[in-house]
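Each remark here refers to the structure printed beneath this line.
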Amino acid sequence: MSKFTRVTSLITLMVSSLLTATTWADNLVQVFDTAGQKEDSAIDWSQLGPDQTLLGATATVTTTQGLSATVSFAGPNSVVSIVCKNAPPLAKDCSWTGLGFPAGNRVLWASDAANGGNGPIKVSFANPVLGVGALVQADLPGQFTATLEVFNGSTSLGVFNSQSNSAGGATYLGVRDLSSANITSAVFTLSDCATTCTDFAIDNVHLDANGALVVLSSTALTFPPQLINTSATQQVTVSNPGNALLSIKNITVSGDYSQTNTCGNGIAPGGNCVITVTFTPKHIGDLKGLVDILDNSQDAEHKITLAGTGTADQISPTSLDFGTVVTSASQPVFLTNIGTTTIHILNISFGGDNPTQYSQVNDCNGKIDAGKSCTITVTFTPQFLGPLPATLLISDDGSGGAPQTVTLTGVGSNG
């Protein structure tokens with residue numbers, strides 16, 4: 001097999017790109033470099049063999065993320081080609097010369113063994129991807145236009161063009177689908193070229209492969225008021241709808257909160273795990289916290305905000321049912337200070353639909369010392385017939401701000 005060579009002038013690579021001004025059904029955007037591609041995977045053509053390896057009409061490759069892909073040409077005899085240096089000492093085992101492609105890279109050359117060309121080059125993915133792109137260059141010097149068309153199955157999602165500089169330097173051509181991972185194949189072609197437009201090469205294919213993804217069932221947990229030094233739990237499910245292993249590097253939590261999880265070292269594609277957050281207030285008042293999940297997804301870090309209230313006053317019971325009452329009936333409510341400092345009673349009142357049907361007396365004397373209790377005696381004196389619900393409201397400086405409540409129910413009767 002003869003050695004493939006090409007010569008271009010030594011030039012500073014200047015690429016001007018033309019974006020097709022069309023609105024697609026999917027929200028597609030053109031990408032002009034690898035940074036914009038938001039790459040999380042790639043296809044390295046070195047896996048197909050050394051320089052001048054002859055290929056058939058199709059070849060199966062694997063991305064750096066372990067996903068399967070197929071590359072196809074118009075016919076057999078395309079080659080893998082190593083990019084030569086453009087300055088001495090020149091490499092010997094290489095067959096693509098000139099500026100544009102990084103020296104030493106293996107490119108995919110749709111050459112048909114110097115008998116014309118085998119373009120277009122089509123790359124099909126076993127799993128849909130969010131984005132795809134590559135450096136493209138014609139076989140011979142001269143300005144060309146590279147075209148990338150992406151598909152979902154047989155449906156074209158969009159066509160994008162990128163024009164090289166006048167010398168024909170390599171130009172990057174990529175696209176991202178901002179709607180979702182809908183791209184199942186990508187076709188690279190050339191037009192307006194100096195010679196045979198089917199004879200060109202593409203460098204490594206850069207992919208936004210929709211690899212490991214993170215979906216949280218909730219990004220914020222709010223706990224109801226909780227007695228200090230007691231615990232309550234809530235759960236968040238972490239799902240990976242992507243097509244690569246989600247590696248959980250670390251899960252940390254702050255504040256009066258702790259966590260356990262079933263995530264292990266990672267979550268398989270389509271799988272999930274559960275983070276159980278425990279709130280154990282050590283202080284009275286509003287208590288904030290944060291769960292921080294560090295992983296290998298594109299966003300890399302995910303957070304769950306935590307909020308709860310620590311209280312020191314324990315109320316029992318939290319509801320009173322007086323049943324059917326003709327004149328009046330009384331029941332006690334016990335308020336206990338489980339903290340280490342005195343709680344001050346700020347107000348005891350009634351709310352709800354029928355606050356005037358109830359009254360109270362208490363022996364709290366405006367405060368409850370640490371470890372002590374007081375009694376609030378609630379009396380139901382119905383002035384009307386039928387159900388007469390209401391709420392007992394107890395405000396103190398040990399409840400973290402919100403009043404403690406006791407639900408009251410009773411039915412007025414004339415006997």
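Miscellaneous remarks
- Only one of Ile338, Ile368, Ile394, Ile343 that is hydrophobic (A, V, I, L, M, F, W, C) and in contact with a Cys (Cβ under 8 Å, 6 or more places away or on another chain): Ile368
- Check on Cys364, outside the structural domain of Pro281 (by TED's automatic domain parsing), buried (at least 17 other Cβ atoms within 10 Å of the Cβ) and either free of Cβ contacts under 8 Å to residues at least 40 places away in the same chain or among the acidic types (Asp, Glu) (or both): yes
- Residue match in the stretch 281-292 (condition: surrounded by 13 or more Cβ atoms within 10 Å (Cβ to Cβ) and either under 14 Å from the mean Cα position of the chain (by Cα) or not assigned by TED's automatic domain parsing to the domain that holds Ala232 (or both)): yes
- Within the stretch 273-286, considering residues that are at pLDDT below 95 and assigned to a strand (DSSP E or B), the one nearest to Ala220 (Cα to Cα): Asp286
- For the stretch 306-322, the criterion of being of a type outside the set (Asp, Glu) and within 21 Å of the chain's Cα centre (by Cα) is met by at least one residue.
- Search result, residues across the stretch 133-170 that are small (Gly, Ala, Ser), without any contact (Cβ under 8 Å) to a residue 40 or more places away in the chain and part of a strand (DSSP E or B): Ser156
- Scope the stretch 294-307; condition surrounded by 14 or more Cβ atoms within 10 Å (Cβ to Cβ) and modelled with pLDDT of 95 or more; matching residues: Ile304, Leu306, Ala307
- Qualifying residues in the stretch 320-336 (those that are among the hydrophobic types (A, V, I, L, M, F, W, C) and loosely packed, with under 14 Cβ neighbours inside 10 Å) - the one farthest from Phe380 (Cα to Cα): Phe334
- Some residue of the stretch 4-26 being at pLDDT 90 or above and within 16 Å of Gly133 (Cα to Cα): no
- Every pair of residues 6+ apart whose Cβ atoms lie under 7 Å, when the first sits in the stretch 171-197 and is farther than 25 Å from Pro141 by Cα while the second is small (Gly, Ala, Ser) and buried (at least 20 other Cβ atoms within 10 Å of the Cβ): Val175/Gly131; Val175/Gly133; Val175/Gly158; Arg176/Gly131; Asp177/Gly131
- The condition of being at pLDDT below 95, surrounded by fewer than 20 Cβ atoms within 10 Å (Cβ to Cβ) and outside the structural domain of Asn127 (by TED's automatic domain parsing) holds for only one of Ser239, Ser231, that being Ser239.
- Test result for Thr70, part of a strand (DSSP E or B) and free of Cβ contacts under 8 Å to residues at least 12 places away in the same chain: no
Yes/no matrix, rows are residues, columns are (1) more than 37 Å from the chain's Cα centre (by Cα); (2) modelled with pLDDT under 95:
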residue	(1), (2)
Asn115	yes, yes
Pro120	no, no
Ser124	no, no
Pro128	no, yes
Gly133	no, no
Pro141	yes, yes
Ala146	no, no
Glu149	no, no
Gly158	no, yes
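Residue by residue, here is whether (1) closer than 30 Å to Tyr257 by Cα; (2) in contact with a Lys or Arg (Cβ under 8 Å, 6 or more places away or on another chain); (3) of a type in the set (Gly, Ala, Ser) holds:
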site: Ala312; (1), (2), (3): yes, no, yes
site: Ser349; (1), (2), (3): no, no, yes
site: Gln357; (1), (2), (3): no, no, no
site: Cys374; (1), (2), (3): no, no, no
site: Leu393; (1), (2), (3): yes, no, no
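- Filter pass, Leu385 being of a type outside the set (S, T, N, Q) and under 21 Å from Pro224 (Cα atoms): no
- The stretch 72-100 - residue that is at positive phi and surrounded by 19 or more Cβ atoms within 10 Å (Cβ to Cβ) and, of those, modelled with the lowest pLDDT: Gly98
- Test: residue in the stretch 46-67 that is of a type in the set (Val, Ile, Thr), at pLDDT below 90, crowded, with 20+ Cβ neighbours inside 10 Å and under 30 Å from Leu213 (Cβ atoms): yes
The values are calculated or read from the model by the stated rules, or taken from the named source; none is laboratory data. Values in this document were obtained by computation on a predicted structure and should not be read as measured data. Reconstructed Cβ throughout: ideal geometry from the backbone, glycine too, with neighbour counts over all protein chains shown.
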